[in-house]
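Read the structure below first, then the notes.
The values are calculated or read from the model by the stated rules, or taken from the named source; none is laboratory data. Nothing here was measured: the structure is a model prediction, and the numbers come from that model. Please note: Cβ atoms are built from the backbone with ideal geometry, for glycine as well, and neighbour counts cover all protein chains shown. Accessible surface areas use protein heavy atoms only, side chains included; no ligands, DNA or RNA. Shrake-Rupley method; radii C 1.70, N 1.55, O 1.52, S 1.80 Å.
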Amino acid sequence: MSAQFPVARPRRLRRTPALRRMVAGTRLHPAELILPAFVKEGISEPQPVASMPGVVQHTRESLRKAAREAAEAGVGGIILFGIPAVKDARGSAADDPDGILQVALRDVVDEVGDSLVVMADTCLDEFTDNGHCGILTASGDVDNDATLERYASIAVAQADAGSQMVAPSGMMDGQVGVIRAALDASGHADVPILAYSAKYASAFYGPFRDAAECAPQFGDRSTHQQDPAGSQDEALREVRLDLAEGADAVMVKPALAYLDVITRFRDEVDVPVVAYQVSGEYAMIEAAAANGWIDRERMIHESLIAIKRAGADLTLTYWATEVARAL
């Protein structure tokens, strides 16, 4: 039992900035941040994303610059999302060796080498003309097993292009195991998999769908992404399945609304836990700051501290380069 007031005064350790800094239990580091970046085929200038002030759809050249700046700031990684000029029902551009994502991966690896972990989103929604994450049945449902075949091919194409990590985000059953087998069989046994293990059917993704041009043309993704009202046990079942299939790191998405799930993952698993501070989280802070309602820099820092304190080892955030510079 510790002393009680008036002998015990917790405020003593909060009295000065130096004291607070010395005893802080949670610290951010640039290497723990991952920058999501969008690259669009067929544009000559970066295109601002209206719902995400400060975020753009990159050209190949502007993406090179953004990657170089992130590396110079000490950011740990960059994850690429490709937007092709032509889309079809099977997302053919997703595994095309000359598709925009594979070309961009080669560009970025050439630009930054090993100074930044270059990774790719392994999904179909940016590439299908219907905006869904997989192959559709005649009735319009996502065909889980047919989609797995596409994911395996996409992951191999990304690894061939130089991706140092693949990140399957579609929430298909069995996706990690199928991708692991495909990578191993194609000579990429050393490429790790970052599994989106708890990805929720969230309203926080709206601005991302503007940036990646992947809003579903009909229906939604509730049949494969997790229910926000689902229990932590459901999320733990998903993460255990991914680990059994060979996941090297696991993700919770979104971050701030699911801090409890991040904490459960950190308590339960022995691989890195990653959180995605998603587009809606970014857009809310930027919008409130633009109206003068909040202190923007403090809010950004506090939100990232909360994610790390909950247990995240790594965080995907659109502020990665800015925050890394400030740190």
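Residue 2 meets the conditions (1) out of contact with any Ser or Thr (no Cβ under 9 Å at 6 or more places or on another chain); (2) part of a loop (DSSP other than H, G, I, E, B); (3) open to solvent by 90 Å² or more (accessible area, probe 1.4 Å); (4) not aromatic (Phe, Trp, Tyr) in every case but one. The failed one is (3). Sub-8 Å Cβ pairs linking a first residue in the range 190-206 that is in contact (Cβ under 8 Å) with a residue 40 or more places away in the chain to a second residue that is part of a strand (DSSP E or B) and of a type in the set (Lys, Arg), at least 6 apart or interchain, are 196/253; 198/253; 199/253; 200/253; 202/253, ordered by first then second residue. Condition (residue is in a helix (DSSP H, G or I), open to solvent by less than 70 Å² (accessible area, probe 1.4 Å) and of a type in the set (A, V, I, L, M)) applied to the range 263-278: is it met by at least one residue? Among the residues of the range 263-278, not one is in a helix (DSSP H, G or I), open to solvent by less than 70 Å² (accessible area, probe 1.4 Å) and of a type in the set (A, V, I, L, M), which makes the answer no.
Quick test for you: out of 187, 177, 246, pick the one residue that is in contact with a Lys or Arg (Cβ under 9 Å, 6 or more places away or on another chain), at pLDDT 95 or above, farther than 26 Å from residue 57 by Cβ and not charged (D, E, K, R). After applying the criteria, what remains is 246. Would you point out the residue of the range 47-56, among those that are among the hydrophobic types (A, V, I, L, M, F, W, C) and open to solvent by 30 Å² or more (accessible area, probe 1.4 Å), that is farthest from residue 205 (Cα to Cα)? Among residues in the range 47-56 that are among the hydrophobic types (A, V, I, L, M, F, W, C) and open to solvent by 30 Å² or more (accessible area, probe 1.4 Å), the one farthest from residue 205 (Cα to Cα) is 56. Pick from the range 134-154 the residues that are among the hydrophobic types (A, V, I, L, M, F, W, C) and within 15 Å of residue 93 (Cβ to Cβ): which of them is least open to solvent (accessible area, probe 1.4 Å)? Per the criteria, the residue is 154. Pick from the range 57-91 the residues that are assigned to a helix (DSSP H, G or I), of a type in the set (D, E, K, R) and free of Cβ contacts under 8 Å to residues at least 60 places away in the same chain: which of them is surrounded by the most Cβ atoms within 10 Å (Cβ to Cβ)? Step by step, filter the range 57-91, then rank; the result is 64.
Of all residues assigned to the range 249-257, at least one qualifies as being in contact with a helix residue (DSSP H, G or I) (Cβ under 7 Å, 6 or more places away or on another chain) and open to solvent by 60 Å² or more (accessible area, probe 1.4 Å). Note on the range 288-318: among residues that are in contact (Cβ under 8 Å) with a residue 12 or more places away in the chain and more than 27 Å from residue 267 (Cβ to Cβ), the one that is most open to solvent (accessible area, probe 1.4 Å) is 297. Residue count for the range 214-223 under the criterion of being surrounded by fewer than 19 Cβ atoms within 10 Å (Cβ to Cβ) and under 17 Å from residue 50 (Cβ atoms): the result is 1. Taking the range 193-213 as the range and being crowded, with 23+ Cβ neighbours inside 10 Å and of a type outside the set (S, T, N, Q) as the test, the residues that pass are 193, 194, 195, 196, 198, 199, 200, 204, 207, 208, 211, 212.
Considering the range 12-46 alone, what residues qualify as being over 27 Å from residue 115 (Cβ atoms) and surrounded by 11 or more Cβ atoms within 10 Å (Cβ to Cβ)? Once the filter is applied, which keeps residues that are over 27 Å from residue 115 (Cβ atoms) and surrounded by 11 or more Cβ atoms within 10 Å (Cβ to Cβ), the range 12-46 yields 13, 14, 19, 20.
Only one of these is touching a Ser or Thr at 6+ places or on another chain (Cβ under 6 Å) and not small (Gly, Ala, Ser): 53, 46, 36, 84. Name it. Matching residue, one of 53, 46, 36, 84: 46. If residue 109 passes every condition in (1) outside any helix (DSSP H, G or I); (2) over 23 Å from residue 207 (Cα atoms); (3) not charged (D, E, K, R) but one, which one does it miss? It fails just one condition, (1).
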